[in-house]
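Values in this text are rule-based calculations from the coordinates and carry no lab data. No experiment lies behind these values; they were computed from the predicted model shown. With ideal geometry, Cβ positions are generated from the backbone for all residues, glycine too; neighbour counts draw on all protein chains shown.
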Amino acid sequence: MKKLITSGMFVVGMVAVPVALSPHQAPAPAPDYRNDPRLETLRTFFRNADCPAQHYAAAFLEAADYNELDWRLLPSLSFVESTGGKAARHNNIFGWDSGRAHFPSPIAGIHAVGYRLSHSDLYKDKGLDRLLATYNPNVDYGRKVKSVMRRIAPSE
């Protein structure tokens, strides 16, 4: 064990402190998407392009449903940004923070970005076009993402 000197006190080992979870972090039973047609639609879309994101189809649906986002948005962003994970670094399939963000896993990234798009003052309460323009101000970006959304499934 390591001894550390902090403010004149010796600390040996580590101390565990209970941490309150915010509502978006609280564990909840995972929804069962096995009979949801969107699951196979996403898997097929990503599988046809040989994208690693095919393995995260249920996570895309969970994040979209939990954060009240169009279920096609997060997969489309990942496809435009990293070809569904093919060009992802640090589990960042969204190019989040200009590609500098690191996530513990692609699924953690899906949930983190979904939450931010729904709750951050930068994105919340914006229509799709304004949200996409905030995400990436490139003039063609929104058109590309919406094109992928339509390829996944027609708008509802």
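Is the shape of segment 36-151 best called rounded, prolate or oblate, per the rule: a/c under 1.5 gives rounded, else a/b larger than b/c gives prolate, else oblate, with a ≥ b ≥ c the square roots of the Cα gyration tensor eigenvalues?
On the way: a/c = 1.28, a/b = 1.22, b/c = 1.06.
In terms of gyration-tensor shape, rounded.
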* Structure fact -> Sequence order, segment 94-101: Karplus ³J(HN,Hα) from phi using 6.51 cos²θ - 1.76 cosθ + 1.60, θ = phi - 60°, Hz rounded, Gly and Pro as x, gives 9, x, 4, 6, 6, x, 7, 5
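Under 10 Å from the Cβ of residue 33, count the other residues' Cβ atoms, weight Lys and Arg +1, Asp and Glu -1, and hand me the total. Each step should come with its number before you reach the end.
Working: positive: 34, 38; negative: 32, 36, 40, 62, 65.
With Lys, Arg at +1 and Asp, Glu at -1, the net is -3.
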* With r defined as the distance between the Cβ atoms of residue 134 and residue 49 and R0 fixed at 30 Å, what FRET efficiency is calculated, to the nearest 0.05? -> 0.70
* To do: Could I have the simple spin-label model distance between residue 66 and residue 98, label points 7 Å from Cα toward Cβ, reported in nm to one decimal?
  => 2.9
* Asked: What list of ³J(HN,Hα) couplings, whole Hz, do you get for segment 63-76 from phi and the Karplus terms 6.51, -1.76, 1.60, once you set θ to phi - 60° and write x for glycine and proline?
  -> 5, 5, 5, 4, 9, 6, 10, 4, 5, 8, 5, 4, x, 5
